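J.: Attaching a single structure in structure tokens format; questions to follow.
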Amino acid sequence: MKLTIEMKARPEKTRELYQTLQALLPAIRNEKGCRDCRVCRDVEDEETFLLTLDWDARTGLEAFLASDSGGALLGAVDMLSGQSRVRVGDNEPWGEVRSLKRMRKKKQK
């Protein structure tokens, strides 16, 4: 199960978003079921980042979103990015971050 999050940092928060994503990578990679986790930065627009997470199964992704690391990631997206969009799966349409928040709440119940 692949999760892709595209974020355009608020201009004054670009460095902070980059540092936060770097800091979160080790914790995300240690989550059960995480196969791969990468952050890429757009070479033409340095305020745009792409985070890709690859999970063994959707249940692993849902457990991550309900974890402290998942909460920290969603908080960083909210606080530091001006625009964001997400894609859950390889060929699914882009959606809003609130879809991940709904998954988080559902799993926490």
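J.: For residue 63 and residue 25, what does the FRET efficiency come to when R0 = 25 Å and r is the distance between their Cβ atoms, rounded to the nearest 0.05?
T.: Plugging the Cβ-Cβ distance into 1/(1 + (r/R0)^6) gives 0.90.
J.: What span do the alpha-carbon atoms of the chain cover on each of the three principal axes, reported in whole Å from largest to smallest?
T.: Between the extreme Cα coordinates on each principal axis of the chain lie 35, 28, 24 Å.
J.: Any chance you could give the angle, 0 to 90 degrees and rounded to 10, that helix 68-80 forms with the longest Cα principal axis of the chain?
T.: Roughly 30 degrees, rounded to the nearest 10.
Values in this text are rule-based calculations from the coordinates and carry no lab data. Owing to the predicted nature of the structure, the values given are computational and were not obtained by experimental measurement. Neighbour counts run over all protein chains shown; Cβ positions are idealised from the backbone, glycine included.
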